[in-house]
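Scroll down for the structure; my scribbles are underneath it.
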Amino acid sequence: MESRVEFMEEVVMSVQGELGVIKQELQKIPNLEQGIAALMKKLDQVVQIQEEAKRENGILQSSTAGKTPKQTDEAIDENHGREMMLNARWDLWPRRIKLSSFDRENFDDWILKAERYFALHRMTNTEKLETTIISFEGEALIWFGWENQRRPFLS
């Protein structure tokens, strides 16, 4: 009987120790949530910048109105050449540039790199979210798994 009591006491102590570890990990969640919120805010800014660039590009394309055919052809050739160059570079980027892992350390640096990565790859919000998720490591990945079970992220 006494050995059962000792065994139960050991189990209780072990569970209490594990609960202490869990409490410590749960205390980290607000910091992770703040980091993710900052990341999402930065992603929204990137989207706005991309939309502004698209609008400016539309303005450039509409600026050929009222020009002589020769001027219009030159502008089209110039834009076509620029577009071909961008498309040629676009084919190489996924193989050469990789987004670094996000591990909660230096998240401001990571956000800056992620913004550039998303802009270079012309990603949609859904693609940005998926890319961000697969770059999580360590505590950030643990937090995401936990949070995604509670409240799934929607793009």
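Assuming Ile76 fulfils every condition listed in (1) farther than 16 Å from Ile36 by Cβ; (2) at pLDDT 55 or above apart from one, which condition is it?
(2)
Hey, any hits in the range 43-65 for a residue that's at pLDDT 70 or above, surrounded by fewer than 10 Cβ atoms within 10 Å (Cβ to Cβ) and under 20 Å from Glu137 (Cβ atoms)?
No.
Here is a list: Ala140, Ala119. Which entry is hydrophobic (A, V, I, L, M, F, W, C) and over 19 Å from Glu33 (Cα atoms)?
Sole residue among the options that is hydrophobic (A, V, I, L, M, F, W, C) and over 19 Å from Glu33 (Cα atoms): Ala119.
Based on what the data block shows, is Gln24 within 30 Å of Asp109 (Cα to Cα), at pLDDT 80 or above and exposed (fewer than 11 other Cβ atoms within 10 Å of the Cβ)?
yes
The values are calculated or read from the model by the stated rules, or taken from the named source; none is laboratory data. No experiment lies behind these values; they were computed from the predicted model shown. Neighbour counts run over all protein chains shown; Cβ positions are idealised from the backbone, glycine included.
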